Amino acid sequence: LFLQAERSGMCLVAPSRRICDILRRKIQRGEVVKPARGMYARDLHWRSLSKARRMLYVMRTMQSLHPNWVFCHESAAVAFGLPVSHEKLGEVHVAMSRSQRNANSKGVRWHVVEHDELAVVQGLQVTSLPRTAFDCMRTSDFKQALAIADGALRASGRRSSSFVSCFRRIGGNLAGTAHAVRTMRYADARSESGGESIARAAMI
């Protein structure tokens, strides 16, 4: 069961009460870890994964359990391969409409996202790249926002002016819109890593 889940880039969801009992004993022996509620992974395999890949495992597992979920903010950014700070990978971010009114729960944070085009990246339903970059940038400091901006240009091959236009269209009265627009004007696709972007942001 673990090998099957790992081949799919997912955590194991116990298919029966008997398997749950076995997994609990393996957790006590340190052979298995529990990355999120109802999800299990082999300890050695889990420790071999980067924090971003762990997030993808959890998201794919959640997607299998909740096919209608659309991931957003930093969760969507990880799927797009954007440089996300490790400090922001502690929760899974999921989009909702105003009428859904889902309450945040342990490990899952809900955000109102409307009038956006769905994208499918690495087998995951996520918000579009412009919306993802916008939501990450408007809620991050300048250094982290510039890293996201540079990554978005690298991933898309688009000009920063194209993203600025999108930000202005979708921003409305959302907090941080001006910050995201200003930061995107400094974006440069030639930056090769998040660390390089953060260093350039410090110099700016």
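The values are calculated or read from the model by the stated rules, or taken from the named source; none is laboratory data. The structure presented is a predicted model; accordingly, all values stated were derived computationally and were not measured. With ideal geometry, Cβ positions are generated from the backbone for all residues, glycine too; neighbour counts draw on all protein chains shown. Ligands, DNA and RNA are stripped out before the accessible areas are found, and what is left, the full protein with its side chains, is counted by its heavy atoms. Shrake-Rupley method; radii C 1.70, N 1.55, O 1.52, S 1.80 Å.
Just a few scattered comments:
- Filtered residues of the stretch 5-26 (kept if more than 13 Å from THR61 (Cβ to Cβ) and part of a helix (DSSP H, G or I)): ARG7, ARG17, ARG18, ILE19, CYS20, ASP21, ILE22, LEU23, ARG24, ARG25, LYS26
- Number of residues in the stretch 182-196 that are in a helix (DSSP H, G or I) and either of a type in the set (Lys, Arg) or farther than 17 Å from THR139 by Cβ (or both) equals 3.
- Filtered residues of the stretch 82-134 (kept if open to solvent by 70 Å² or more (accessible area, probe 1.4 Å), within 15 Å of the chain's Cα centre (by Cα) and closer than 19 Å to LEU174 by Cα): ARG109
- Residue within the stretch 135-142 that is of a type in the set (Asp, Glu) and open to solvent by less than 20 Å² (accessible area, probe 1.4 Å) present: yes
- Per the listing ALA41, ALA76, the residue uniquely within 26 Å of PRO130 (Cβ to Cβ) and buried (at least 16 other Cβ atoms within 10 Å of the Cβ) is ALA76.
- Selected residue [modelled with pLDDT under 95 and among the basic types (Lys, Arg)] from ARG42, ARG37, ARG54: ARG37
- Qualifying residue in the stretch 2-9 (condition: on the phi > 0 side of the Ramachandran plot and either of a type in the set (S, T, N, Q) or surrounded by 13 or more Cβ atoms within 10 Å (Cβ to Cβ) (or both)): yes
- Of the residues making up the stretch 27-65, those that are part of a loop (DSSP other than H, G, I, E, B), without any contact (Cβ under 8 Å) to a residue 24 or more places away in the chain and not polar (S, T, N, Q) are ARG29, GLY30, GLU31, LEU49.
- Residue check, ARG158 within 22 Å of ALA95 (Cα to Cα) and open to solvent by 50 Å² or more (accessible area, probe 1.4 Å): no
- For the stretch 9-20, the criterion of being closer than 30 Å to GLU117 by Cβ, modelled with pLDDT of 95 or more and among the small types (Gly, Ala, Ser) is met by at least one residue.
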